[in-house]
Amino acid sequence: MAAAPQAGVTGPARGRRAGVVLGTVALALVAGGLAGAVTGGWESGPSSVELPQAAAPAGAAQQGSISAAAASVLPGVVSVRAGRATGSGFAIDAQGHVVTNAHVVEGASDVSLVLSNGRQVDADVLGVDANNDLAVLQVAPADAEGLRALTLGRSAQLHVGDPVLAVGSPLGLEGTVTAGIVSAVDRQARFGDNNTRQSAIQTDAAINPGNSGGPLVNAAGQVVGVNTAIATLGSSRSGSIGIGFAIPVDRMTTIVESLID
């Protein structure tokens, strides 16, 4: 298994930083390997693609069981293999579109996905937005059997303390589910190619190398974020310390709609 990018050290061949030091804590991307450069990006403008988002669950649905939420999500989550890098992703519609992080697929000429039923299929990189660390993959309809599109929720309706699940393939362990809460809803963190501050969801659900691009979901199984980065204690240590970051789904939908167009 390829080593994950470590915080505080230089990244791939072109020397892009893999993380940023925040006081004594570093922020690291959580892909499972190294890669090269990404081309492309997102430009604002009208879009003919509109991804539906569900309203926040109410009452008992919001307090649904973790096992039920996990069972509803797992069929739509994939393991992404892109050259030396590994990560996670999830289906967003019935046309075979899969969302992951840009840093998972950067520089890769061959990308494949492992579905929840164990099938391995090829995928094309349809578009990337390196500055926001998002990418859309395309799976041929004939290969998408067993891949279920996940329901997209609304990150604007999250509250501190809401239960969430992180789903993906940390360290290559496909179909792993970890549970936690929303620790902050508007945490400023630096990630993406331009290394600018962006609003992120902070969670204590365990996120580790290989979780990159996987969904952060609420108790109703709705996607509320894209797991992207973790805080670490330094370059000699990696793995979850209970501080993870996800791209809010409300921002993701706008970017992904443009990339699909």
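Where a number appears in this text, it was derived from the coordinates with a stated rule and is not lab data. Model, not experiment: these values are computed from the prediction. Methodologically, a virtual Cβ is constructed for each residue, glycine included, from the backbone with ideal geometry; neighbour enumeration extends over all protein chains shown.
Given (1) polar (S, T, N, Q); (2) in a loop (DSSP other than H, G, I, E, B); (3) under 21 Å from Ala144 (Cβ atoms), where does Ser109 come up short, assuming only one miss?
(3)
Out of the residues in the stretch 139-166 that are among the small types (Gly, Ala, Ser) and buried (at least 18 other Cβ atoms within 10 Å of the Cβ), state the one that is nearest to Pro75 (Cα to Cα). If you could, list the steps in order and put the result at the bottom.
Step one: list which residues in the stretch 139-166 are among the small types (Gly, Ala, Ser), which gives 140, 142, 144, 146, 149, 153, 155-156, 161, 166.
Narrowing further to those that are buried (at least 18 other Cβ atoms within 10 Å of the Cβ): 144, 149, 153, 155, 166.
Values: Ala144: 11, Ala149: 8, Gly153: 17, Ser155: 22, Ala166: 14 Å.
Among those residues, the one meeting the criterion is Ala149.
Has the stretch 124-143 got any residue that is more than 25 Å from Gly107 (Cβ to Cβ) and touching a Phe, Trp or Tyr at 6+ places or on another chain (Cβ under 9 Å)?
First pass over the stretch 124-143, keeping only residues more than 25 Å from Gly107 (Cβ to Cβ): 141-142.
From the residues that got through so far, the ones that are touching a Phe, Trp or Tyr at 6+ places or on another chain (Cβ under 9 Å) too are none.
Within the stretch 124-143 (the criterion being more than 25 Å from Gly107 (Cβ to Cβ) and touching a Phe, Trp or Tyr at 6+ places or on another chain (Cβ under 9 Å)), the answer is no, since none of the residues qualifies.
For (1) touching a Leu at 6+ places or on another chain (Cβ under 9 Å); (2) of a type in the set (Gly, Ala, Ser); (3) surrounded by fewer than 22 Cβ atoms within 10 Å (Cβ to Cβ), each residue gets a yes or a no:
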{"position": "Ser183", "(1), (2), (3)": "no, yes, yes"}
{"position": "Phe191", "(1), (2), (3)": "yes, no, no"}
{"position": "Asp204", "(1), (2), (3)": "no, no, yes"}
{"position": "Ser212", "(1), (2), (3)": "yes, yes, no"}
{"position": "Val249", "(1), (2), (3)": "yes, no, no"}
{"position": "Glu257", "(1), (2), (3)": "yes, no, yes"}
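Of these, Ala231, Ala220, which one is over 13 Å from the mean Cα position of the chain (by Cα) and closer than 21 Å to Asn132 by Cα?
Values: Ala220 fails: closer than 21 Å to Asn132 by Cα.
Sole residue among the options that is over 13 Å from the mean Cα position of the chain (by Cα) and closer than 21 Å to Asn132 by Cα: Ala231.
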